[in-house]
Structure formats: C-alpha cells, structure tokens
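Only one structure is covered here, and it is reproduced in the block below.
The values are calculated or read from the model by the stated rules, or taken from the named source; none is laboratory data. What you see is a predicted model; the values in this text were computed from it and never measured. Here the Cβ positions follow ideal geometry from the backbone for every residue, glycine too, while neighbour counts run over all protein chains shown.
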Amino acid sequence: MAAQHELKSTWITIRPRWLSFRLDKRVPKIAVLILAFTFITLVFSISYGEYDISPYEVVRTILNINQDHPDYANYKLVVHTFRLPRIVLAFLVGAALATSGTLMQGITRNPLADPYLIGVSGGASLAAVTIIVWVRDVPIGVLPWAAFVGAGLTALAIYTLAWKGGKSTPIRLILIGIALESVLGAVTTVMLLFGNINDVQQAYVWLSGSVYGRNWEHVKALGSWMVVFIPAAFLLARQLNTLGLGDDTAKGLGLRVEWQRGLLMLISVALAAAAVAVAGTIGFVGLVAPHIARRLVGPLHEGLLPVSALFGGALLVLADLIGRWAIAPSELPVGIVTAMIGAPYFLYLFYRNRNQQ
Amino acid sequence: MSQLNAHNLTLAYENALIIEGMELTIPDGKITALVGPNGCGKSTLLRGISRLLKPRGGNVLLESQDIWKLPTKELAKRLGILPQGPVAPEGLTVHELVAQGRYPHQSWLQQWSPEDERITHEALEITNVTEFADRPVDTLSGGQRQRAWIAMTLAQDSDIILLDEPTTFLDLAYQIEVLDLLHELNVERGKTIVMVLHDLNQACRYADYLIAIRGGQINAQGEPSLVVTENLVREVFGIDCKIIPDPVTNTPLVVPVGKARKGRLHLPSLNGKHAEPVQNP
C-alpha cells in the first residue's frame, strides 16, 4: 500500500468530466521558476544599455503606468521600440529552437540531435549567403523568406533521400543529414571565399545568429508560426513518448509510426526554419535546452516540451543580455554567446558520462 | 475457430524470401512457442503475425478480420507485442513506461482515465514491479527490466501477447522468473501467449503448443511431449540428441550428443529413458 501511495505522488491528475490528463508534479513549479527568472532577466536587459533606465521605471513603462514621468517619451521609445521587441524575439527564437530540438531528439531517439539535424541550418545559410553576397541590393525583408525556403527545401531533400522501402529510419536521417549538411557547408564556404569583403562580413554576422536591430515585425512573423506549431507539438506529446520506445514497440501500441514521425519532423523543421529566418543560425540552444529540461522534469513530453521551450527562451534572453554587456559598447552576436555557454556544458556532459562508465 | 491465424502467408525482406505460403493457427488461451535454428524464420513469422512486417502474400486474420485492415489502435487493444531487447528512454521510470501501455485506449481528450490508472497499477502488481515503480528503467537488473516491459504489454490489456525471445540476454535465474510470469499470466488471466524461444528445453517446459520451424516451413507442431523426438531435433536443428523426461516437469528434455567430454559420459542406452548423473572431476 505504501508503494501505491508513492506511485500517485509523482503525477498531478486533472479530470474534469469528459477530459483526463496527467502531468509530472515538478512541471508547474519549474515552469513558474523559469518564467520568474525570464521576467527578471528581461527587466534588467531592458534597463541596461547606453541609455540607462532603472528597473523600476522599466516595469512601469512596460505596464504603461508612468505617463506622468518627465522622461516618459524617451522611456517609451527605448523600451517599446528598441529593446523590448528584440528581447521578446530572443525569447521566441529560444523557445522555437528548444521545442524543435526536443522534437528532433524524440524522433531520432538521439540526445545529440538538434534542430539543424536535417539540414535546416545548412539550407538556410546557403540561401542567406547567396542573397547577401551574390544577389545583393535586395530589400532586407527578403532574407528571412529566402532562409526559410532554403531550410525547407533541404529538409525535404534529406527526408526524401532517407526514405527507403516505405520507411525512414532515424539512423538514415542522421547520416544523410550530416552528409548533405557538409556539402551545403562547403558550397557556402566557397561563396564566402569569393565574395566582396563587406558583404562577407555582413553574411558572417547573419551566420553566427543575432537579434540585433529586430523589431515588432520580426516578432509577428515568428510569432504567427509559433502560434500554430507550438500547440501542434504539445498535442503530439503522447505520440512522441510512444515513439521513444522504439519503432516496433510503438507500432505494437497502435501508433502509425511513419505518419507521426513525418508530422513531428515537419513541425520541428517549421519551427527551426522560422527561428533561423528571423535570427540566423543560433546554435546550442536547441541542443542544451532539451537536455537540461529532461534532467529537471524527466523524459515524458507532456512536461518536457513546455519546460524545454521556456528554458530555451530564458537562455536566449540571458545570452542576449550577456552579448550586449560583455564587450560594450560593441555587441557579441547572441549565437556566439550561446556557443560559449553551450560548448563547455557539453564537454562537461561528456566528461561526466566518461567517468560514469 | 482460433482467433489468430494465417493463410497462405508469404513474408520477405527486400529480395530475401523467408516464408512462403504458410498456414498457421494459434490455439486460443494457450502458450505457443516458436522454435527453430537461427535464421529459420521464427522471428520473421512473429513479426508477420503482429503487423510489424507487411506480408508479400496471403493474410493474417484476427477473428476473421485481416489485421492490416483493422485500425492500428483497434488491433493494439487486442494484440500486444514485446519486441526483442526493447530499450527505454534514459530516465523513464517503470511507472511511466507501464502507463504507456495504455496508449491504444487513450485519445486527445482522455489521456489518463481512472481505468488507465487502475489497469496500470494492476499490471505493476501482477508483474511484481510496484516496489521499483519510481525507479528509472535503465537502473534495473535484466530480469526486473523485462518484467517492467511485460507489465507495459499487460497494461495494453489485450487477449493475445506476442513476445520475441523474451529471455535472451538474461541470466538463467531471470529467464525462469520471466517464463514463470508468462505461465502465470496464461493460467490465471487466460492470456494467449505466443513467443519465440531459443531454448528448446524451456519451450518444452512452458509451452502447451510447440511450432518447430526450419527453412521457413513448419516442420512439426503440437503438444511438446508428442512432437519433440530425436528425429525432429535432428531434422530441425541438425544435431543428434537424446531425449529424456525432465526430472521436474516430466516434459521432454533434449540432451545434445555433441563431441565434448564424450569419454566421461556414460550413457545407459541409445533410447535414453534415463541418464546417470555426470560427475565432475
């Protein structure tokens, strides 16, 4: 009986009349903690800069309750037009990449998979570099769309190539993904080698990933994709859990494995491509956030997906703040900061695993 | 009329034909063991009748319905499968694993009904894994882990359970533990169990019905004590053996002749009704 009692203690069960749902007990607590952390970071991030605003006034400006303040007009401009949109965008990009990475790791049953596994970054980079270095003089608004199309086409090509005998095994996806990514990387490098030096520098900034100078239009563009695809991912959490038990077991449980895997991959690619389109190829968030989230709330996706998304968002808001602060008045692109945080984390993981075995 | 049977079943991988035109009937409410040498097609057959492998010809029927025409979840409610050597995601607890057996009974609105909870707890109890319900599957011993997976298949609440070599990679004690559990499920819960087994003696002990396969064909089938003969073992496994009654269960016990230590063996007669114990030097 004691054991039975213990069983119930790890889950929250929600059961109104026609609905039933369960969630790991840790999820709400951790979600609230991450949100609180994000909000504090956001306030400090808005407050920090060449034009300093006190955190207190930042909160009042966000809530629009300090209209009688003498500097209100300046505050409003700096907060609402310059700083808030880029920070909100950083949060959305982080959340999109983390969700995409969680899906990809679930689909491939490989904890080292990331959102860029099936060519999103290679395809987007090649398209963006082609536009920046070779087409030139195109309106800046074209860049996200080109990146998105490049990402989508590459993902489609990899999925098609990995299809064999009516199915696509995770290992084929990984191998073909790596191969095609290398080819695209090589072509991108060649383009950069022979480009005009100023264009190449601009391309490098895009390639390292940044939210510098982004506005509410970018937030809207990414947000409209996320409104569709994030809930779609959450709705498929149980299917993703089942897929994690292996193809045969999943089929035995009545899951239509190929169809679900294709659908989940589409969602993952759409989220990663949308994020890359507005902010360039920011690395490590999609790899690290699911990892840490898994350690916080376990491997079931009902809890893992939201916690991973929130953590990815928080991480990118923090990384953006560090990027703005580290070499002020210059700025480090946020993608460089995530790499500087992410790479040591992974070295630590490998080190720890090696010592365990 | 048996629930699960196959007609004119042809199974193949890419261009290798494994089984051709097989007729198969699985007896209801019994333990059936599929035995045969490596590569004979026993695992392929199990995959064929569990919808893991699409037949190239013929069909597999469950209560006269083609299993490929049933909705996937509908089939999963009636037929559970435990593949060989399944691997759980890192950190997944036993309770979480077993709860996933409820997948075919759930929907978007009903993700964790009182019934799901009740049957999951029951599956944990029956397989005796309740005490490690909150431990990650990857920290358990081989036997405990396999019991947890059987609990998951049990939570699926199907009348038929198919298992591919459920005792492979397990120590002897765990093999017996798992087979005893399957026997209990059959006797006490009336589950129809079909399993691929490597060990012919274990098959003789635990199966009510034995299907011996060689080269993609059924060589013999029936109650082990009637089917297992020295001739059959020679034909199917290609070895000479003696068959004696199992001192514990009285089922056939296959003792391969082989070449090792023959000098020390003292066999009473070629008919082999009983054997003297072999003394270790």
Point to revise | Residues located in the stretch A:233-259, provided they are crowded, with 18+ Cβ neighbours inside 10 Å, under 19 Å from A:Ser100 (Cβ atoms) and either touching a strand residue (DSSP E or B) at 6+ places or on another chain (Cβ under 9 Å) or aliphatic (A, V, I, L, M) (or both) | key: A:Ala233, A:Leu236, A:Ala237, A:Leu240, A:Leu243
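For (1) more than 12 Å from B:Val94 (Cα to Cα); (2) touching a Pro at 6+ places or on another chain (Cβ under 7 Å); (3) within 14 Å of chain A (Cβ to nearest Cβ), each residue gets a yes or a no:
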{"residue": "B:Leu109", "(1), (2), (3)": "yes, no, yes"}
{"residue": "B:Gln146", "(1), (2), (3)": "no, yes, yes"}
{"residue": "B:Thr167", "(1), (2), (3)": "yes, no, no"}
{"residue": "B:Tyr206", "(1), (2), (3)": "yes, no, no"}
Exercise for review: Would you mind stating whether B:Val94 is more than 9 Å from every other protein chain (Cβ to nearest Cβ), β-branched (Val, Ile, Thr), without any contact (Cβ under 8 Å) to a residue 60 or more places away in the chain and surrounded by 23 or more Cβ atoms within 10 Å (Cβ to Cβ)?
Suggested key: yes
Exercise for review: Tell me, yes or no, whether the stretch B:55-75 has at least one residue that is of a type in the set (Lys, Arg) and surrounded by fewer than 16 Cβ atoms within 10 Å (Cβ to Cβ).
Suggested key: yes
Point to revise | Counted residues, the stretch B:75-98 - those being over 24 Å from B:Gly41 (Cβ atoms) and under 22 Å from the mean Cα position of the chain (by Cα) | key: 8
Review point. How many of the residues in the stretch B:70-91 are in a helix (DSSP H, G or I) and more than 7 Å from chain A (Cβ to nearest Cβ)?
Key: 3
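Every residue, every condition in (1) assigned to a helix (DSSP H, G or I); (2) closer than 26 Å to A:Leu271 by Cα; (3) hydroxyl-bearing (Ser, Thr, Tyr), yes or no:
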| site | (1), (2), (3) |
| --- | --- |
| A:Gly323 | yes, yes, no |
| A:Ala328 | no, no, no |
| A:Thr338 | yes, yes, yes |
| A:Ala343 | yes, yes, no |
| A:Leu347 | yes, no, no |
| A:Arg354 | yes, no, no |
Check your understanding: Restricting attention to the stretch A:287-306, does a residue exist that is more than 20 Å from A:Ala237 (Cβ to Cβ) and outside any helix (DSSP H, G or I)?
Key -> no
Practice item. At least 2 residues that are at pLDDT 85 or above and either within 14 Å of another protein chain (Cβ to nearest Cβ) or in contact with a Lys or Arg (Cβ under 7 Å, 6 or more places away or on another chain) (or both) in each: list the helices (runs of 4 or more DSSP H) lying fully within the stretch A:1-92 that qualify. Key: A:26-47
Check your understanding: Quick one: in the stretch B:176-206, which of the residues that are part of a loop (DSSP other than H, G, I, E, B) and out of contact with any helix residue (DSSP H, G or I) (no Cβ under 6 Å at 6 or more places or on another chain) is modelled with the lowest pLDDT?
Key -> B:His198
Review point. Taking A:Asp114, is it loosely packed, with under 15 Cβ neighbours inside 10 Å, away from every other protein chain (no Cβ under 14 Å) and part of a loop (DSSP other than H, G, I, E, B)?
Key: no
Revision key, fill the gap. Of the residues in the stretch B:124-144, those that are out of contact with any Ser or Thr (no Cβ under 9 Å at 6 or more places or on another chain), among the aliphatic types (A, V, I, L, M) and either within 29 Å of B:Ile67 (Cβ to Cβ) or within 11 Å of chain A (Cβ to nearest Cβ) (or both) number 2
Practice item. Kindly establish whether B:Leu45 is part of a strand (DSSP E or B), buried (at least 18 other Cβ atoms within 10 Å of the Cβ) and touching a residue at least 24 places away in the same chain (Cβ under 8 Å). Key: no
Check your understanding: Quick one: is A:Gly262 more than 9 Å from every other protein chain (Cβ to nearest Cβ) and on the phi > 0 side of the Ramachandran plot?
Key -> no
Practice item. Output the qualifying pairs, or none if there are none: Cβ atoms under 7 angstrom, residues six or more apart or on different chains, first residue in the stretch B:57-70 and over 9 Å from B:Leu4 (Cα atoms), second residue surrounded by fewer than 19 Cβ atoms within 10 Å (Cβ to Cβ) and of a type in the set (Val, Ile, Thr). Key: B:Gly57/B:Thr10; B:Gly58/B:Thr10
Point to revise | Residues that are of a type in the set (Asp, Glu), surrounded by fewer than 20 Cβ atoms within 10 Å (Cβ to Cβ) and under 14 Å from B:Leu154 (Cα atoms), drawn from the stretch B:116-132 | key: B:Glu117, B:Glu122, B:Glu125
Study note, to complete from the structure: Just one listed residue, out of B:Trp149, B:Trp108, is closer than 21 Å to A:Pro299 by Cα and at pLDDT 95 or above, and it is B:Trp149
